[in-house]
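Novice: Below is the structure I would like to discuss, written out as structure tokens.
The values are calculated or read from the model by the stated rules, or taken from the named source; none is laboratory data. The shown structure was predicted, so the numbers you read here are calculated from the model rather than taken from an experiment. Because the Cβ atoms are built from the backbone with ideal geometry, glycine has one as well, and the counts that use them run over all protein chains shown.
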Amino acid sequence: MAVWVMGGLGAAVVLYGILLYNRLVARRNQVRNAWSQIDVQLKRRHDLVPNLVNTAKGYLAHEQGVLERVVRARQLAIGAGDDVAARAASENQLTGALRSLFALAEAYPDLKANQTMTALHEELVSTENRIAFARQHYGDSVQGYNTTRETFPSILMSGPFGFEEARLFEIELESERAVPEVRF
């Protein structure tokens with residue numbers, strides 16, 4: 001009888017360990033999927049930037065510094081890789097460069113009235129909204145994963161099986177937290 005009880009307890013512990021492991025894997029995959037959604041929206045944003053710069057070029061010929069800053073920031077953002085902190089920093093630079101471009105465009109009525117520029121601006125605003133939603137989803141996924149990973153008894157499995165802490169996609173500069181005002 002004692003052998004059966006011990007065997008049953010052993011089987012229950014193993015089964016519980018398998019369930020915990022599978023839960024950690026599911027949460028980690030949810031974080032990876034959420035990061036992928038951010039990546040898709042950032043790619044969309046990166047694809048819009050060259051069209052935006054090309055449209056503005058003719059109107060802002062003597063403002064090459066701003067246009068070059070946008071292009072350089074886009075290149076940095078594309079090359080940032082999958083490191084969350086580096087990616088967030090480079091995307092924040094791109095946001096600042098785009099903010100400068102739109103602020104400058106305000107001073108040029110012809111550019112402001114250009115249909116292509118207006119359409120690109122609307123597309124970029126839509127993309128920025130999608131990025132914000134994807135970041136929120138990613139943050140929620142990271143929180144759920146990290147909470148699962150750090151609570152008992154999951155913490156007994158997370159370390160030995162290599163379930164590393166997931167990092168949030170955060171805005172580091174206080175000035176970048178300000179909501180840009182863009183009007184066309």
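Novice: Can you tell me which residue in region 58-90 is nearest to A134 (Cα to Cα), limited to those that are assigned to a loop (DSSP other than H, G, I, E, B) and at pLDDT 85 or above? Steps first, please.
Specialist: Step one: filter region 58-90 for residues assigned to a loop (DSSP other than H, G, I, E, B), giving 58-60, 79-83.
Still in the running and at pLDDT 85 or above: 79-80.
Numbers: G79: 20, A80: 18 Å.
Step by step, filter region 58-90, then rank; the result is A80.
Novice: Anything in region 102-159 that is hydroxyl-bearing (S, T, Y), assigned to a helix (DSSP H, G or I) and either free of Cβ contacts under 8 Å to residues at least 12 places away in the same chain or under 26 Å from R87 (Cα atoms) (or both)? List them, or say none.
Specialist: If the condition is that a residue be hydroxyl-bearing (S, T, Y), assigned to a helix (DSSP H, G or I) and either free of Cβ contacts under 8 Å to residues at least 12 places away in the same chain or under 26 Å from R87 (Cα atoms) (or both), then S126, T127, Y138, S141, Y145, T147, T148, S158 are the ones that fit.
Novice: When residues of region 124-154 are filtered for being of a type in the set (A, V, I, L, M, F, W, C) and in contact with a helix residue (DSSP H, G or I) (Cβ under 7 Å, 6 or more places away or on another chain), how many remain?
Specialist: Within region 124-154, the first condition is being of a type in the set (A, V, I, L, M, F, W, C), and the residues that meet it are 124-125, 131-134, 142, 152.
From the residues that got through so far, the ones that are in contact with a helix residue (DSSP H, G or I) (Cβ under 7 Å, 6 or more places away or on another chain) too are 124, 131, 134, 142.
Residues in region 124-154 being of a type in the set (A, V, I, L, M, F, W, C) and in contact with a helix residue (DSSP H, G or I) (Cβ under 7 Å, 6 or more places away or on another chain): 4 in total.
Novice: Might you check whether a residue that is more than 30 Å from G81 (Cβ to Cβ) and within 32 Å of the chain's Cα centre (by Cα) occurs anywhere in region 20-42?
Specialist: If we filter region 20-42 for residues that are more than 30 Å from G81 (Cβ to Cβ), which is where we start, we get 20.
Filter once more, so that each one left must be within 32 Å of the chain's Cα centre (by Cα): 20.
Yes, region 20-42 contains a residue that is more than 30 Å from G81 (Cβ to Cβ) and within 32 Å of the chain's Cα centre (by Cα).
Novice: Looking at (1) polar (S, T, N, Q); (2) more than 21 Å from Q41 (Cα to Cα); (3) at pLDDT 90 or above, which is the one condition that is false for Q136?
Specialist: Going through the list (1) polar (S, T, N, Q); (2) more than 21 Å from Q41 (Cα to Cα); (3) at pLDDT 90 or above, Q136 breaks only (2).
Novice: While we're on this one: Going by the conditions given, is V25 surrounded by 15 or more Cβ atoms within 10 Å (Cβ to Cβ), free of Cβ contacts under 8 Å to residues at least 60 places away in the same chain and assigned to a helix (DSSP H, G or I)? Before the answer, list the steps.
Specialist: On the way: surrounded by 15 or more Cβ atoms within 10 Å (Cβ to Cβ): no; free of Cβ contacts under 8 Å to residues at least 60 places away in the same chain: yes; assigned to a helix (DSSP H, G or I): yes.
No.
Novice: Between N114, N146, which is modelled with pLDDT under 85 and either surrounded by 16 or more Cβ atoms within 10 Å (Cβ to Cβ) or in contact with a Ser or Thr (Cβ under 7 Å, 6 or more places away or on another chain) (or both)? Before you say what the answer is, go through the steps one by one.
Specialist: Values: N146 fails: modelled with pLDDT under 85.
Testing whether each residue is modelled with pLDDT under 85 and either surrounded by 16 or more Cβ atoms within 10 Å (Cβ to Cβ) or in contact with a Ser or Thr (Cβ under 7 Å, 6 or more places away or on another chain) (or both) leaves just N114.
Novice: So, in region 41-63, of the ones that are in contact (Cβ under 8 Å) with a residue 12 or more places away in the chain, more than 16 Å from L94 (Cβ to Cβ) and not hydroxyl-bearing (S, T, Y), which residue ends up surrounded by the fewest Cβ atoms within 10 Å (Cβ to Cβ)? Step through it out loud before you land on a result.
Specialist: Residues of region 41-63 in contact (Cβ under 8 Å) with a residue 12 or more places away in the chain: 41-42, 44-46, 48-53, 55-56, 59-60, 63.
From what's left, more than 16 Å from L94 (Cβ to Cβ): 55, 59-60, 63.
Subsequent filtering for residues that are not hydroxyl-bearing (S, T, Y) retains 60, 63.
Details: L60: 19, E63: 17.
Applying the filter and picking the extreme gives E63.
Novice: Mind listing just one residue for me: the one in region 68-88 that is touching a residue at least 12 places away in the same chain (Cβ under 8 Å) and among the charged types (D, E, K, R) and, of those, surrounded by the fewest Cβ atoms within 10 Å (Cβ to Cβ)? I'd like the intermediate steps shown before the answer.
Specialist: Here is the first cut: in region 68-88, the ones touching a residue at least 12 places away in the same chain (Cβ under 8 Å) are 69-74, 76-78, 82, 84-85, 87-88.
Filter again for among the charged types (D, E, K, R), leaving 69, 72, 74, 82, 87.
Numbers: R69: 17, R72: 13, R74: 23, D82: 9, R87: 20.
Checking each candidate, the answer is D82.
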